[in-house]
Amino acid sequence: MSAPPASSRLRGMARAAAAQHAATTEHCELCGVPIAPEHRHVLELRTRELRCACRACSLLFDSGAAGGGHMRLVPDRRLRLEGFVLGDELWEQLRIP
C-alpha cells in the first residue's frame, strides 16, 4: 500500500492543528464565538455564576435593563484595598472562582 500524497497528509495535519486550537481557545458562554484571553464577564444573578462574554454580548448587558434583569455585566474597574483580610469561610460563601 502506498503512502497518501503529501497534500493529503498536510491537510490532515492542518485539520488536527485547527481542532486542537479550537479546543484550547476560550468561547463566549452566551453565544459560543471564540474570544480573546482578555475578555469581559457577566454575572448570572440567580446562580451567582460568572460567564465569559465576547465584546458583542458584553455590550448587550452593559445596561441594567438588558437581559431581563437576569444577568449583569461585571465591571472591569478594579481597586486594591490595602490591609483588607477576608476569612476562608466567608471567601468560600462568595463563590468567586
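The values are calculated or read from the model by the stated rules, or taken from the named source; none is laboratory data. Please read these numbers as outputs of a predicted model, since none were measured by experiment. When we count neighbours, we look across all protein chains shown, and the Cβ atoms used for this are built from the backbone with ideal geometry, even at glycine. Surface areas here come from the heavy atoms of the whole protein model, side chains and all, with no ligands, DNA or RNA. Shrake-Rupley method; radii C 1.70, N 1.55, O 1.52, S 1.80 Å.
From the set of residues in the stretch 75-86 that are open to solvent by less than 100 Å² (accessible area, probe 1.4 Å) and under 26 Å from PRO37 (Cα atoms), which is modelled with the lowest pLDDT? Going through the qualifying residues, I end up with ASP76.
Does GLU89 satisfy being exposed (fewer than 10 other Cβ atoms within 10 Å of the Cβ), modelled with pLDDT of 75 or more and more than 22 Å from the chain's Cα centre (by Cα)? Before the answer, list the steps.
Values: exposed (fewer than 10 other Cβ atoms within 10 Å of the Cβ): yes; modelled with pLDDT of 75 or more: yes; more than 22 Å from the chain's Cα centre (by Cα): yes.
Against the criterion (exposed (fewer than 10 other Cβ atoms within 10 Å of the Cβ), modelled with pLDDT of 75 or more and more than 22 Å from the chain's Cα centre (by Cα)), GLU89 qualifies.
For residues in the stretch 39-74 being under 9 Å from the mean Cα position of the chain (by Cα) and in a loop (DSSP other than H, G, I, E, B), which is surrounded by the most Cβ atoms within 10 Å (Cβ to Cβ)? Among them, the one singled out is CYS54.
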